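Colleague: Please read through the structure below; I'll follow up with questions.
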Amino acid sequence: MKKVITYGTYDLFHYGHQRLLERAKALGDYLIVGVTTDNFDLERGKMSTCNNVMERIEAVKATGLADQIIIEEYKGQKIDDIQKYGVDIFAIGSDWEGYFDYLKEYCEVVYLPRTQGISSTQLREERPMVRIGVIGTGSIASRFVPESKFVNSNAIVSAYNPNKEECEDYCKQYELKPSGSETDLYEQCDAVYIASPHYTHYDYVKNALNAGKHVLCETPFVFGKAQAEELYNLAEEKRKVLMVALKTAYCPAFGHLVSLLKSGAIGDIVEVNASVTTLTDESSEKLNKDYWGGSMNENACFPLLPIFKLLGTGYENINFYSKMKNEVDMFTKAVFRFPSAVASFQVGLGVKTEGNLVVAGTKGYAYVPAPWWKTDYFELRYEDPNQNKKFFHTFAGDGLRYEIKDFVTAILSNEYFYSKVSKKENIKMAEVQEQYLKGVNLYKL
Ligand code: CTP
């Protein structure tokens, strides 16, 4: 029996894929089709697939041409598969001509002429576009436009900032049309990315939802529980996506870490500790009381993410210890009591500490080195060091592309209520911020 193997992403399955599979099948008696996993695609920098791996496998299956479908998960797997399945012929489209010649050592390599005039890329480009407007044009907004280019089906169309000069500079840099007013911006877009100062978020989110726009709002979302609830209720009523741009939540390594730990990889979780500190100029708005500055307001949402993801949102109490200067916290340590676990975090704008994340369990612990909020690597460590495991993932670019992809996908698939940081988690984050601002269990140093 002659075995043939071929690989592909098979996104938005099309006639070119069908013809390739037919011809590959005709080369032998048994066809194995390798479909890339979503993670492998992400690692190869492919942010743009529209169908997930299950949908892509189903599409290949529906052709009835594959005798076996396997998943391609890692670079170098082709050699392993060819040996494992006793493959005689490796077939691939001619767009890869020469690229897979190294496989000739293991089997025959055949390049089949590519079908002209069709590709997944072209089909993706023909899909509807989400037109995004940017509100606030500071440093994070400057990273947003380049990152959005890695994600398909979106276009940044315009920006708004009440400071006209800053708005024009930003628009010039990214070749956008400046909007003269908020209303002007809403008229041109389907969705907004709110990257204005945090104390303006509530008003902008509310206005944008009322104007019927989907919203991706930078962190921290808002500083009060009632405000957060009101905005989520409004989004539900308007059937619009409301997502918070807490980038760590969307990056592949962090997702993997959470799933592993929730599946018991280190036993029961007993403690979570995370730090985020960034030494900041004292004259910065970030340390100015009049601009809602301070370490808690600026950074608390980051360490709250692993705490809530791993221990849930049902904490019983929190104590805050803050080192104050000029009426703002230069540094805050927060300690949480959960029913059967404890958590703590350190945030600082005027104090520096190691920015790592450590999760302690009854069978071992997880260690994520600084800067853990841009996770690309973590370790699970045990009493017996032979059991230790290291995990590597890609954290591409500035990491915003992951949240942009989720945002655009949620809009295009009408998944209004889906978000990697849930409504419940975001409301609890706002509640923690509110308790701090009200001075509940706050000890000033
Ligand atoms: N293929 C083909 N003819 C086309 C498109 C794809 O023969 N018009 C072949 C590719 O050469 C490959 C297989 O189909 O052997 C799977 O290709 P894949 O990369 O999944 O599809 P593309 O349409 O090329 O996707 P993209 O535009 O994302 O590169």
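Colleague: Once every DSSP H run of n ≥ 4 in the chain is given -39500 (n - 2.57) and the sum is divided by its residues, what mean residue ellipticity at 222 nm do you get, rounded to the nearest 500 deg cm²/dmol?
Modeller: -10000 deg cm²/dmol
Colleague: Still on this structure: Hey, if you put +1 on the Cβ of every Lys and Arg and -1 on every Asp and Glu Cβ in the chain, which of Thr121, Val215, Thr137 ends up farthest toward the positive end of that dipole?
Modeller: Val215
Colleague: Run through all the Cα pairs of segment 235-349 and give the fraction in each 5 Å bin from 0, expressed as whole percent.
Modeller: 2, 10, 18, 18, 17, 15, 11, 6, 2, 0
Colleague: Here's a follow-up. Given Lys172/Lys424; Lys177/Lys289; Lys247/Lys289; Lys75/Lys240; Lys164/Lys238; Lys78/Lys309, which pairs have Cα atoms separated by over 32 Å?
Modeller: Lys172/Lys424; Lys177/Lys289; Lys75/Lys240; Lys78/Lys309
Colleague: Along the charge dipole of the chain, which of Leu185, Leu246, Ala274 sits closest to the positive end, that is, farthest toward it, with unit charges on the beta carbon of Lys, Arg, Asp and Glu (+1, +1, -1, -1)?
Modeller: Ala274
Colleague: Spin-label point model (7 Å from Cα, Cβ direction): what's the Asn441 to Ile118 distance in nm?
Modeller: Inter-label distance under the simple model: 6.1 nm.
Colleague: Could you work out the relative contact order of the chain, using alpha carbon pairs under 8 angstrom and six or more residues apart, expressed as a whole percent?
Modeller: Relative contact order for the chain comes out at 14 percent.
Colleague: Could I ask something else about it? Using alpha carbons only, how many degrees (0 to 90, rounded to 10) separate the axis of helix 225-238 from the longest principal axis of the chain?
Modeller: 40
Colleague: Could you size up the charge dipole of segment 45-96 around its Cα centre, putting +1 on the beta carbon of Lys and Arg and -1 on that of Asp and Glu, and report it in debye to the nearest 20?
Modeller: Once rounded to the nearest 20, the dipole reads 120 debye.
Colleague: Follow-up question, since we're still on this one. What are the residues whose amide H is under 5 Å from the amide H of Glu271, where those residues sit 5 or more places off or on another chain and H is modelled from the backbone?
Modeller: Val342, Ala360
Colleague: Report, in degrees rounded to the nearest 10, the 0 to 90 angle that the Cα long axis of helix 201-210 makes with the longest principal axis of the chain.
Modeller: That helix lies at roughly 60 degrees to the long axis.
Colleague: Which ³J(HN,Hα) values, rounded to whole Hz and listed in residue order, are derived for segment 134-145 from phi using the Karplus coefficients 6.51, -1.76 and 1.60 in 6.51 cos²θ - 1.76 cosθ + 1.60 with θ = phi - 60°, glycine and proline given as x?
Modeller: Working through the residues one at a time gives 9, 10, x, 10, x, 5, 5, 5, 6, 7, 5, 5 Hz.
Colleague: Pick out which of Val109, Val157, Val134 has the largest mean-square fluctuation in a Gaussian network model of the chain, springs linking Cα atoms closer than 10 Å.
Modeller: Maximum fluctuation in the GNM of the chain, among the listed residues, is at Val109.
Colleague: Under a Cβ-Cβ cut-off of 15 Å, what is the net charge of the residues other than Lys206 that fall near it, where Lys and Arg count +1 and Asp and Glu count -1?
Modeller: Local charge sum for Lys206: -3.
Colleague: Continuing with this model, one more query. Under a point-charge model restricted to the Cβ atoms of Lys and Arg (+1) and Asp and Glu (-1), what is the dipole moment magnitude of segment 351-390 relative to its Cα centre, in debye to the nearest 20?
Modeller: In total the dipole reaches around 100 debye.
Colleague: Return one number: the angle in degrees, 0 to 90 and rounded to the nearest 10, between the long axis of the Cα atoms of helix 53-62 and the longest principal axis of the Cα atoms of the chain.
Modeller: Between the helix axis and the principal axis of the chain, the angle is about 20 degrees.
Colleague: Name the residue, out of Tyr232, Tyr199, Tyr186, whose mean-square fluctuation peaks in a Gaussian network model built on the chain with Cα pairs under 10 Å.
Modeller: The residue that fluctuates most here is Tyr199.
Colleague: A further question follows. Order 115-121, 252-258 from most to least packed using the mean count of other Cβ atoms within 10 Å.
Modeller: Those peptides, ordered most packed to least, come out 252-258, 115-121.
Colleague: For segment 298-445, what does the convex hull of the Cα positions come to per residue, in cubic angstrom?
Modeller: 150
Colleague: Moving to a separate point now. With springs only between Cα atoms under 10 Å apart, run a GNM on the chain and tell me which of Ser48, Ser283, Ser153 wobbles the most.
Modeller: Ser283
Colleague: Per residue Cα convex hull volume for segment 50-159, in cubic angstrom?
Modeller: Considering the Cα atoms of segment 50-159, their hull volume per residue is 165 Å³.
Colleague: Checking a compactness column here: for the chain, what do you get for Rg(Cα) / (2.2 N^0.38 Å), N being the number of residues?
Modeller: 1.11
Colleague: Given the options His14, Gln433, Phe308, identify the residue whose Cα lies farthest towards the positive end of the charge dipole of the chain (+1 on Cβ of Lys, Arg; -1 on Cβ of Asp, Glu).
Modeller: Phe308
Colleague: Provide the solvent-accessible area of Asp184, counting protein heavy atoms only and rolling a 1.4 Å probe, rounded to the nearest 10 Å².
Modeller: 40
Colleague: Treat every Asp and Glu Cβ in the chain as -1 and every Lys and Arg Cβ as +1, leave all other atoms uncharged, and give the resulting dipole magnitude about the Cα centre to the nearest 20 debye.
Modeller: 520
The values are calculated or read from the model by the stated rules, or taken from the named source; none is laboratory data. Just so it is clear, the structure is predicted and the values come from calculations on it, not from any experiment. Note that each Cβ is placed from the backbone with ideal geometry, even for glycine, and that neighbours are counted across all protein chains shown. Remember, those area values only see protein heavy atoms, side chains included, never the ligands or the DNA or RNA. Shrake-Rupley method; radii C 1.70, N 1.55, O 1.52, S 1.80 Å.
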